[in-house]
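Enquirer: Got a structure here, written out as structure tokens. Questions coming.
The values are calculated or read from the model by the stated rules, or taken from the named source; none is laboratory data. If you're wondering where the values come from, they're calculated on a predicted model, not measured in any experiment. FYI the Cβ positions are ideal-geometry reconstructions off the backbone, even for glycines, and counts take in every protein chain you see. In case anyone asks, the SASA skips ligands and DNA or RNA and just uses the protein heavy atoms, side chains included. Shrake-Rupley method; radii C 1.70, N 1.55, O 1.52, S 1.80 Å.
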Amino acid sequence: MDVIETRIDKQSAEYRENYAHNEALVARLNEALRQAHGDRSEKALARQREQGKLSVQERLDLLLDPQTPFLEIAPLAAYDLYDKKVHAAGIVAGIGVVEGREVLVHANDPLIKGGTIYPLGVKKGLRIQTICLENRLPVINLVDSGGAYLPLQSEIFPDLDDGGRIFYNQALISKMGIPQICGVMGLCTAGAAYIPAMSDEVVHVKGTGAIFLGGPPLVLAATGEEVTADELGGANVHCRQSGVSDYFAEDDAHCIEIIRQIVKNLPPVSKPEIGQRVARPPLYDPQELYGIVPQRINTPYEVREVIARLVDGSEFLEFKALFGPTLVCGWAHIHGFPVGLLGNNGVLFSDSALKATQFIQLCDKRGIPLLFLQNIAGYIIGKEYERIGITKDGHKMVNAVATATVPKFTVIIGASFGAGNYGMCGRAYGPRFLWMWPGAQIGVMGGEQAADVLITVKNEQLAREGQPPLPEEMVAQIRGPIIASALKEGNAYYSTANLWDDGILDPAKTRDVLGLAISAALNGPLRSDRYGYGTFRM
Ligand code: COA
């Protein structure tokens, strides 16, 4: 297999400056993650100690097999939103290993507003269920929640993809035979009561765990009946009388132990055979990516240098290397798993779009997962290219990406603009997972271009009315806010806060995350659907 030869000069000023810049971006990311994991109010911590409950982290430490990785999903959801304290949208979620089995974990964090569910908490819950459905991963719900965050109830309740959809999905997941196990580790109030109710098996903690449709305050207000949480929906009520719960746990640690036993008893999963090899590290240190990724989003850089630091042995069999050079396609392995890789090296032209279409079909027919490395300003525009048929060739690529049935994975390593986002498997194109690098940006177009478009439109309008073009100071007044909002809303942190991605990745850890994700994806069928394509416009 061909080995990618690096052309990077590690002694150059450019490398050293890029390195310092990206190292600072990763330090900021690690600080944001540290806060998301650890920043809890003293009041909430005191309440937890009083109740004798374990923290979410302690629950996870007991649940997951020692020395196994945990691939956290959307750890910076709701970043900087609400009161800037609803870390991870109030939910810790990810893929981990329990009794040797890959599972999805979804745990409410009671230290954040009583574990109540914010609008982005609903979105995160639905994202976790999508991952479950696509990859057939068993789900473990550790519920400890006051239900809907009431001040924002109108944003949580009524619509198609609001709270009710979570229970609807639980019914579908059950129908598909994907195990759903629930630990009742605190209150499961109102909406949250349906999480255990719709699960296959429920483990209920004595004393602190309770399930009810209306809590004691609501019961008092509605019926005048005075009752404690334990009398209303505690472990004794639901394990001995109602039958809502299936296993009685003495405390949090016992609950987790029972859940581990349930997982141990699940029938084994048989993963599809895709030609896995023994994993080998790349020839070049992935940390060198810090020196390679430029400081500015519009500075072009060589995607083969990225590929060389992601794939086993830095070995890459490039497909059509001399044709459509602005898109690099080829075969490699990551942690032993075969992948078909597509990475941008400039804007997409007709030839690069056609090459992508052919390559995607090949991978799909051979059952090889697809990995997209997005750094794309868009498809080429202009009179000449419209005549050649860029729109129709772009359509073929978008069509092939949308309908490919093998698992797809996307990492946004730079720009993600316009239809380029679609062709390179943006969120709407169903990648099993999608991540961003810390300096990446996403949007319909860059702020500068958006400002130019709006100013041109305005000047054309003025010309039609026989008026002179906008004066310089008006142009500046229009440009400033557009560029500022594109920078803010196109930023990786804004994206991850809103769950447009599954997290921001340290470039140096991307290879390991991809390995875990591909392994998790193979819990599901290799093909999501019947193989076939729509009509390609010729
Ligand atoms: N909506 C908004 N905020 C809520 C809330 C809800 N449903 N439930 C609790 N909170 C807030 C509290 O106001 C408090 O906020 P603060 O830290 O700013 O003071 C925080 O969550 C913790 O609540 P607290 O009661 O102090 O903690 P606790 O550990 O003793 O109990 C609950 C947590 C969730 C069990 C308890 O607050 C409760 O029963 N809440 C009402 C649940 C309910 O009826 N929900 C119906 C939703 S459909």
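Enquirer: If each residue of separation counts as 0.36 nm, what is the full-extension length gain between residue 453 and residue 206 once their alpha-carbon separation is subtracted? Don't skip to the end; give the middle numbers.
Expert: Details: separation 247, 0.36 × 247 = 88.92 nm, distance 6.26 nm.
Length gained between residue 453 and residue 206: 82.7 nm.
Enquirer: A further question on this structure: Name the long-range amide H neighbours of residue 283: under 5 Å, sequence gap of 5 or more, or other chain; modelled H, no Pro or chain starts.
Expert: It is 313, 314, by chain and number.
Enquirer: How far apart, in nm, are the 7 Å Cα→Cβ label points at residue 5 and residue 160?
Expert: 5.4 nm
Enquirer: Enumerate by residue number the trypsin sites (Lys or Arg not before Pro) in the stretch 497-538 meeting two conditions: DSSP loop (anything except H, G, I, E, B), and at most 12 other Cβ atoms within 10 Å of the site's Cβ.
Expert: Values: sites: 509, 511, 527, 530, 537; in loops: 527, 530, 537.
Taking the stretch 497-538 and a limit of 12 other Cβ atoms within 10 Å, the loop trypsin sites (Lys or Arg not before Pro) found are 530, 537.
Enquirer: How much of the accessible area of the chain, in percent, comes from carbon and sulfur atoms when a 1.4 Å probe is used? Intermediate values should be presented prior to the final figure.
Expert: Working: 13330 of 24220 Å².
C and S fraction of accessible area: 55 percent.
Enquirer: Compute the FRET efficiency between residue 240 and residue 175 as 1/(1 + (r/R0)^6), taking r as their Cβ-Cβ distance and R0 = 22 Å, and round to the nearest 0.05.
Expert: So, using R0 = 22 Å, E works out to roughly 0.15.
Enquirer: Still on this structure: Explain nothing, just the number: relative contact order of the chain, from Cα pairs under 8 Å at least 6 residues apart, as a whole percent.
Expert: Reported as a whole number, the value is 14 percent.
Enquirer: For the chain, give me the percentage of DSSP beta bridges that are antiparallel, rounded to the nearest 5 percent. Show your work: numbers first, answer last.
Expert: Working: 23 of 63 bridges.
Of all bridge pairs located within the chain, approximately 35 percent are antiparallel.
Enquirer: Per residue, how much accessible area does the stretch 101-185 show when a 1.4 Å probe rolls over the protein heavy atoms, in square angstrom?
Expert: Values: 3040 Å² over 85 residues.
Ligands and nucleic acids excluded, the figure is 36 Å² per residue.
Enquirer: Still on this model: Can you list, bin by bin at 10 Å, the percent of alpha carbon pairs in the chain, starting at 0?
Expert: Percent of pairs per bin, in order: 4, 17, 26, 24, 17, 9, 4, 1, 0.
Enquirer: Something else: In the neighborhood of residue 127, defined by Cβ-to-Cβ distances under 13 Å, what is the net charge if each Lys or Arg adds +1 and each Asp or Glu adds -1? Show your work: numbers first, answer last.
Expert: Working: positive: 123, 124, 165, 427, 432; negative: 72, 134, 161, 501, 502.
For residues surrounding residue 127, the net value is 0.
Enquirer: Moving on. Under 5 Å between amide hydrogens, which residues at least 5 positions from residue 374 or on another chain qualify, with H placed 1.01 Å from N in the peptide plane?
Expert: Answer set, sorted by chain and number: 411, 412, 413.
Enquirer: Determine the per residue accessible area of the stretch 479-538 with all protein chains present and a 1.4 angstrom probe, expressed in square angstrom.
Expert: Working: 2600 Å² over 60 residues.
Counting only protein heavy atoms, the per-residue value for the stretch 479-538 is 43 Å².
Enquirer: Any idea how far the Cα center of the stretch 347-380 sits from the one of the stretch 216-254, in Å?
Expert: What the calculation gives is 55 Å, centre to centre.
Enquirer: Take every Cα pair under 8 Å in the stretch 1-145 that's 6+ residues apart, average their separations, divide by the length, and report that relative contact order as a whole percent.
Expert: Details: 174 pairs, mean separation 26.8, N = 145.
Over the stretch 1-145, the number comes to 18 percent.
Enquirer: Let me ask something else about it. Relative to the present Cα-Cα distance, how much length would full extension add between residue 483 and residue 49 at 0.36 nm per residue of separation?
Expert: Values: separation 434, 0.36 × 434 = 156.24 nm, distance 4.77 nm.
Going from the current span to full extension adds 151.5 nm.
Enquirer: So, R0 is 56 Å and r is the distance between the beta-carbons of residue 57 and residue 465; what FRET efficiency does that work out to, to 0.05? Please report the intermediate quantities before stating the final value.
Expert: Numbers: r = 63 Å, r/R0 = 1.13.
The computed FRET efficiency comes out at 0.35.
Enquirer: For residue 296 and residue 218, calculate 0.36 nm times their separation in residues minus their Cα-Cα distance, and state this gained length in nm to one decimal. Intermediate values should be presented prior to the final figure.
Expert: Values: separation 78, 0.36 × 78 = 28.08 nm, distance 5.49 nm.
My answer for the length gained is 22.6 nm.
Enquirer: Then there's this: What's the angle, to the nearest 10 degrees (0 to 90), between helix 13-38's Cα axis and the longest principal axis of the chain?
Expert: Taking Cα atoms only, the helix is inclined about 20 degrees.
Enquirer: Considering the zone a paramagnetic label at residue 130 would reach in this model (a point 7 Å from Cα along the Cα-to-Cβ line), which residues of the stretch 161-183 have amide N under 14 Å from it?
Expert: 161-162, 166
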